[in-house]
Amino acid sequence: MYQKVSNLSESDVIGIIAFTSCPTAAVLQEQTALTNLPLITIDNEVCPQTYDGHHHLSMLPKCHSQISQFIDIVLHMKWEHVNAIYDSESSFCIQELIVLLSKKNVLSNVIFLPEEQHLTLEIFPEQGSEEVIYVATDKERTLSIVSEAMAVDMFNRSFYWVLNLDPYTLWNSILYKPVHEGCVLLISAGLQQNETTTADLLSEALSVFQRGLDFTGDGRYVTDLKSLRYDLHQYMVLMDSSNETRLIDKESHARVFSSAIDEETPFQEVAEYSQEPNSFHVVEDRLYKCIFKDFGNRTLKVVSVEEKPFQMRVDKGNGSFYYYGFTYDLLNEFAKQFNFRYEFVDSVDGLYGNPTNHDKNASGMIGMVMRGEADIAVGPFTITAERRKVVDFLYPFQEEGVGIIMRKVDNEAEKLFRVFSPLDTDSWLATGTAAFVAAVVLSIIVKLSPFSKGLHNKVSASFWLVFSAFLHQGEEKSSKSVPARLVMGFWWVFTIIVMSLYTANLAAFLTVSLGKAQIKNLEELVAQTVYKPLIRDGSSLHMLFKKAEGGIYKKIWDMMRDMPKIISFEEGYEMIVKSNYVYITDESEARFMTMKDCKNLEMGDETLHKGMLSFVIKRNAEFKGAFDKHMLKMVQIGMVDKYKKIWWDTHSCHSANTATELEFKSTSGIFIVYSSFIFISVICCLVELYLRGRKFKKNIVRSSSESLQDISVAMGDN
């Protein structure tokens, strides 16, 4: 460089214009000052030292301009609190920033970061969910801070960054990708160096020499080269002393660039700033491209398959149709919040879908969203690792298990004798045994006690006494013996407890369905041979059992080798009603169908394989973050539970849970038992009459024979 400057000083060159950096500019200034060779340097940073006779043109805005741009960004985003990182070189700018922010009622946390200190998360004492970081340092220090932030993974956290950097500074650096993955705004200092701006800068530099030649009068006709250089050099000195060194005419126009969701997309220009009043112009009223606002009344394609009550299809004729249901209530909340309409699309194969061809494609609705044939797949999609490889899921709206649903086998005998159900068979036998033991003990006491004279000491009489006490019926004669009274006292307490338990549970057993699932869980399903499992084709459960390499899931899959292919619940419903199939599906769907048709269907007692349910969108969709936050909000405020309660309670089968009146079948058992006892009593009565009749007849015959004998004796005597 020394040699080149020396050669230029010996040529006919009257001045030098150099696009350069500060270190190179310092060398050029030192050399040209020795030869009085005028120098104009053009760079995108402010060099710390200049020599007399050196003119400097910069594409960087001044400190005040940078702060004004940041203040406009703060007001546009409506931030209430910001963190500003500065160093010793930018301390003056920070003082002005604090004053301006306080005037706008914005709280500020200024963080001094000396050269030897690194950026850490600990410097943010009150880190919130959305923290704003403004880096007010020069280019080199800013790049260093970016590198340190990358090391602590700050660009993958909920930070909003504002940097005074040109996007082309990052484009070819190793820092580009991590910075681009975060929410980052870059305030670009004026013009970018391309063919147009280069011509403008050269024109501005040449105009400086033009003014210098005009200053020297007839300088352009002077043949003494050294004299001309000296005059131009003196003009440069006068410009510096009069503080005439300035930014080029277009220096006041800065541009703001934002990172986008797609890391392959360059930083996008989102705003332009100038020092004129009201000159902060934001493109589409949106600064951060990583923050989704709304769709602007755009029409989205929404794909679904019927699965009650999540989504139900209605055919309007002429090939038109629509869906409604629980998930579409949620989708309508999104449509209102993010200003979009939607049109209905059917699944290409009626399946929910899973990845195929080594994750290069997918079936069903998953594949349609993956290929861009639909914007959103609405339904209770189970979030799985395989599906995440090809699509993204929104924040889940509920946790879901897997239920077992089957045909109900109605036990009429159980209904007839339900009146005895409050106590099981063992309890009834134990009660009867206790009554017999009490009667035996009581008869023994009556027989042995001197205070029980005149009482029957037979077991039958004691049993009748115990039985009458059980039914709260009185007995005229009772023993005055203390042991007998103790036995009867404890028996009364026992009968009160038993009768209270019986009456307390009787109403519930008469009004609540006692249907018991024949198969409670997968273990019982595997252990039996009557029922076969049934799963919807293309569902996440289908893939779960299909990929199982061992355990109970593998046994279930082996049982499904001859399983018919079904793609809708209606097909599954028909199979379980007509054949011996057990349908394995989402718990919510199974519960809804059993509530709707509780007379024919029943659920197993246990659920399995808990998973999260959500909607499906394309990978890296720009609206994912906004949709996730809105779904989380709906879950937290109870809106999801509100809609869920509406759909599940509306279709509930009330007779399966409670009833306002009793069916005759539920109480007919007591009439049967009562009729049986009446019949037995009548038979016993007839037998007793028959026996008494025979005894009476014998007595009459005996009396008659005795009378005849007496008569004959009397006649013989006579």
Q | Phe292 vs. criteria at pLDDT 75 or above and part of a loop (DSSP other than H, G, I, E, B) | A | yes
Q: Would you tally the residues in the range 547-569 being closer than 19 Å to Glu306 by Cα and not in a loop (DSSP other than H, G, I, E, B)?
A: 1
Q.
When you scan the range 369-391, do you find a residue that is assigned to a strand (DSSP E or B) and open to solvent by 30 Å² or more (accessible area, probe 1.4 Å), even just one?
A. no
(Q) Just to be sure I understand, how many residues within the range 74-93 are part of a helix (DSSP H, G or I) and farther than 23 Å from Glu140 by Cα? (A) 4
(Q) Looking at the range 7-27 only, could you name the residues that are over 21 Å from Arg211 (Cβ atoms), modelled with pLDDT of 80 or more and either under 60 Å from the mean Cα position of the chain (by Cα) or open to solvent by less than 30 Å² (accessible area, probe 1.4 Å) (or both)? (A) Thr24, Ala25, Ala26
Q. What number of residues within the range 329-360 are part of a strand (DSSP E or B) and without any contact (Cβ under 8 Å) to a residue 24 or more places away in the chain?
A. 1
Q: Could you list, in sequence order, all residues of the range 492-523 that are over 30 Å from Ile576 (Cα atoms) and at pLDDT below 70?
A: Ala507
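Each row is one residue, and each column tells you yes or no for (1) open to solvent by less than 50 Å² (accessible area, probe 1.4 Å); (2) touching a residue at least 24 places away in the same chain (Cβ under 8 Å).
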residue	(1), (2)
Thr529	no, no
Lys532	no, yes
Tyr583	yes, yes
Ser588	yes, yes
Lys596	no, yes
Met603	yes, yes
Phe615	yes, yes
Q) If you scan the range 315-328, which residues turn out to be open to solvent by 40 Å² or more (accessible area, probe 1.4 Å) and closer than 21 Å to Tyr643 by Cα? A) Tyr322, Tyr324
Q | Residues of the range 617-634 classified as open to solvent by 50 Å² or more (accessible area, probe 1.4 Å) and in a helix (DSSP H, G or I), total | A | 4
Q: Please state which one of Pro277, Pro309 is within 27 Å of Trp647 (Cβ to Cβ), modelled with pLDDT under 90 and part of a loop (DSSP other than H, G, I, E, B).
A: Pro309
Q. If you go through the range 536-555 one residue at a time, do you hit one that is touching a Gly at 6+ places or on another chain (Cβ under 9 Å), crowded, with 20+ Cβ neighbours inside 10 Å and at pLDDT 80 or above?
A. no
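Looking at this structure, is Gly572 open to solvent by less than 30 Å² (accessible area, probe 1.4 Å), part of a helix (DSSP H, G or I), touching a strand residue (DSSP E or B) at 6+ places or on another chain (Cβ under 8 Å) and in contact (Cβ under 8 Å) with a residue 24 or more places away in the chain?
Against the criterion (open to solvent by less than 30 Å² (accessible area, probe 1.4 Å), part of a helix (DSSP H, G or I), touching a strand residue (DSSP E or B) at 6+ places or on another chain (Cβ under 8 Å) and in contact (Cβ under 8 Å) with a residue 24 or more places away in the chain), Gly572 qualifies.
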Q: Might you let me know whether the range 654-664 holds any residue that is over 14 Å from Phe397 (Cβ atoms), under 43 Å from the mean Cα position of the chain (by Cα), open to solvent by 90 Å² or more (accessible area, probe 1.4 Å) and modelled with pLDDT of 65 or more?
A: no
Q: Output the number of the condition that Tyr322 fails; it satisfies all remaining conditions of (1) in contact with a strand residue (DSSP E or B) (Cβ under 9 Å, 6 or more places away or on another chain); (2) in contact (Cβ under 8 Å) with a residue 40 or more places away in the chain.
A: (2)
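Kindly evaluate Ala151 against the criterion of being within 35 Å of the chain's Cα centre (by Cα) and at pLDDT 90 or above.
no
The values are calculated or read from the model by the stated rules, or taken from the named source; none is laboratory data. Everything numeric here is computed off the predicted structure, so don't read it as measured data. FYI the Cβ positions are ideal-geometry reconstructions off the backbone, even for glycines, and counts take in every protein chain you see. We work out accessible area using only protein heavy atoms, side chains counted, and drop any ligands, DNA or RNA first. Shrake-Rupley method; radii C 1.70, N 1.55, O 1.52, S 1.80 Å.
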